[in-house]
Structure formats: structure tokens, C-alpha cells
1. Within a 10 angstrom radius of the beta carbon, how do PHE206, PHE28 rank from fewest other beta carbons to most?
2. List the residues whose amide H sits under 5 Å from the amide H of VAL114, counting only those 5 or more places along or on another chain, with H placed 1.01 Å from N in the peptide plane.
3. For a footprinting-style exposure proxy, rank LYS145, LYS38 by other Cβ within 10 Å, fewest first.
4. Amide H of SER51: which non-local residues (sequence gap of 5 or more, or other chain) have their own amide H closer than 5 Å, using H built in the peptide plane?
5. If you rank ARG171, ARG217 by fewest surrounding Cβ atoms within 10 Å, what's the result?
6. Using C-alpha positions alone, give me the convex hull volume of segment 89-229 per residue in cubic angstrom.
Amino acid sequence: MIQRVNQACSYFPCHEDLEDCTFCYCPFYPCREEGLGKYVYSSRLKKKVWSCKSCNWIHQIKTVDRIYNLIRKHGSELRKDIPVAKPERQWFGVQYSQSHKAKSKTLSDKQAGVVVLGHGSRLKKANTLIPEIINGLKRTLGLSKIYPAYLQLAKPDLGQSLEKLAKAGCRRIIIIPFFLFVGNHVSRDIPEIIEQEKKKYPDIRFIYTENLGEDSRIADIVADKIRENIGMTL
């Protein structure tokens, strides 16, 4: 499934007639294609650079769909010479190994914060999953400022967790919607809250990621569950 536009992005809309945000940065830059861009002089770099600010080709739905279809068609060939790492263990679906533990600190960013945002439930036990996942993420990524938040029925809410990260000095906050489907919460309610929070913290960049259901690896998890139980009988 392909996400189309991310209205929560602080740079939205970055182009006219924007249809798709999948490729935030064009993978073909600089294409040097006449009609799509031109060389302009940069006073900051003191040299000519390729400018494609008027090009929206990579942000058209038909372009993105065609690129994805080509990737799926030639995926095995693209991955042929790339070695696959074998993790020693997993923490709630996050790959983690002893050899990676020493390297995880390289991802540390004192000004970066993360919020894993769930729906929330009246059942306290149901709200313990996200903190458990966060413990695994901290081990894996080496980031300490990862906090839970809930849209409703539980605390802390998104505003409270964002306030905590802002007070901790974060200038870049990644918000991950821990939702399977793109419903009203993911497409409307959460972006509206983020827009309100932007007004409180104009110096902070908010990054709103895709929800879990947008990730093709979800199918792999379902496939594993089927394999685990395919031999079971009623």
C-alpha cells in the first residue's frame, strides 16, 4: 500500500499540484533532463547547482505507481548481491543482536525524540504493549527519548508526551502512529493534533510517519502466524 500525501509534514506542500509524498527526495536527482529543471547559481555554494523546484514528476501518482511496480517486478534481481543480516534475537518485532548493541549508539541524537502513539484502551493490560515495545526500541536504537502516548482512553496523551520531549530539548520529534489501518484517527485526528502542537513549538520539526498497515512487512508477520499454525487441527 502506498501513502499519498503527508499533510502533517512541516514542508507540505513543497510543490504545486502535489499528488504523492512517497519520494520526499527524488532518487533521480540530478536528472539533468531538459524541461524538468535547470542549472542555477548558488550564492551559498558559490557554484551552479541543478534546480528542479518546479518539477513535480516524482510527486505524481502515476510516476510513483510505475516505480513501485518496477521494484516489485525486479526485486529479486535488486537484492541479489545484498547480504542479509541474521539477528540473534528479536524484541517485539525489532531486530536486535549482541553485535549490533555496541553500534546502536551511533544513532543517538540528543535533540531527537520519538513518540509511539497508540489508540488507548480502558483495559490497563492493553496499554502495556507500547511501553514494552519502547524498551526494545531503546535497546536497539540507542535512543533514550522514546515515549508512549495514547489518542484516547489512556494517559499520557500526545500533547503531554510532546511537551515532555520539548522540555527535554528535542528539536526534531518523530511521531509513529501504532495503528494498523488508515482510518479517521490516522488521516484526520492525529494530523489535526500535530498542527495544534506546531503552533506551541514553532522551533520543533514534527515528523509524522506512516502507520503500521502501510508496511509490507505486515504480510510477513501474518505469513509467520499461518506457518506456525498450519499443522494444527481443531
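1. In order of increasing Cβ crowding within 10 Å: PHE28, PHE206.
2. ILE146, TYR147, ILE174
3. Details: LYS145 19, LYS38 14.
By the 10 Å Cβ count, ascending: LYS38, LYS145.
4. LYS38, TYR39, VAL40
5. Working: ARG171 15, ARG217 9.
Fewest-to-most Cβ neighbours within 10 Å comes out as ARG217, ARG171.
6. Numbers: hull volume 17.3 nm³, N = 141.
Enclosed volume per residue, from the Cα hull, is 123 Å³.
Read the figures in this text as sums done on the coordinates, not as results from a lab. For clarity, every value in this text was computed on a predicted model and none was experimentally measured. Neighbour counts are summed over all protein chains in view; Cβ atoms, including those assigned to glycine, are modelled from backbone coordinates with ideal geometry.
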